[in-house]
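Heads up, the thing below is written out as structure tokens.
The values are calculated or read from the model by the stated rules, or taken from the named source; none is laboratory data. Worth saying up front: this structure is predicted, and the values here are computed from it rather than measured. Cβ placement follows ideal geometry from the backbone for every residue including glycine, while neighbour counts extend to all protein chains displayed. SASA here: full protein model, heavy atoms, side chains in, ligands and nucleic acids out. Shrake-Rupley method; radii C 1.70, N 1.55, O 1.52, S 1.80 Å.
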Amino acid sequence: MGSFQDKLIETMIKDFKDIQDFEKGKILRKECSLLLKRIQSTRKLISSNTKLIYQLDKLEAEVLALKS
């Protein structure tokens, strides 16, 4: 199960890198909001793994900074 959890986070990090290229505006904010929802859902799935929770927290902070 650990590899599935790692893959979830890797995919979100890749998606975050992809949306960084978007222009500031409605589409960027929408994509950030969707990614934040995915982060919240994933956090519930991996609540027992503190290392992965730390990675999610870091990613969430970066997405919030990009969104604003």
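Among the residues of the range 30-39, are any outside any helix (DSSP H, G or I), more than 10 Å from the chain's Cα centre (by Cα) and more than 15 Å from E62 (Cβ to Cβ)?
Checking the range 30-39: not a single residue is outside any helix (DSSP H, G or I), more than 10 Å from the chain's Cα centre (by Cα) and more than 15 Å from E62 (Cβ to Cβ).
Can you name every residue in the range 44-56 that is open to solvent by 40 Å² or more (accessible area, probe 1.4 Å) and either aromatic (F, W, Y) or over 13 Å from I13 (Cβ atoms) (or both)?
Of everything in the range 44-56, those that are open to solvent by 40 Å² or more (accessible area, probe 1.4 Å) and either aromatic (F, W, Y) or over 13 Å from I13 (Cβ atoms) (or both) turn out to be K44, L45, S47, S48, N49, T50, K51, Y54.
Can you tell me which residues in the range 1-35 are in contact with a Leu (Cβ under 8 Å, 6 or more places away or on another chain), open to solvent by 20 Å² or more (accessible area, probe 1.4 Å) and aliphatic (A, V, I, L, M)?
L8, I13
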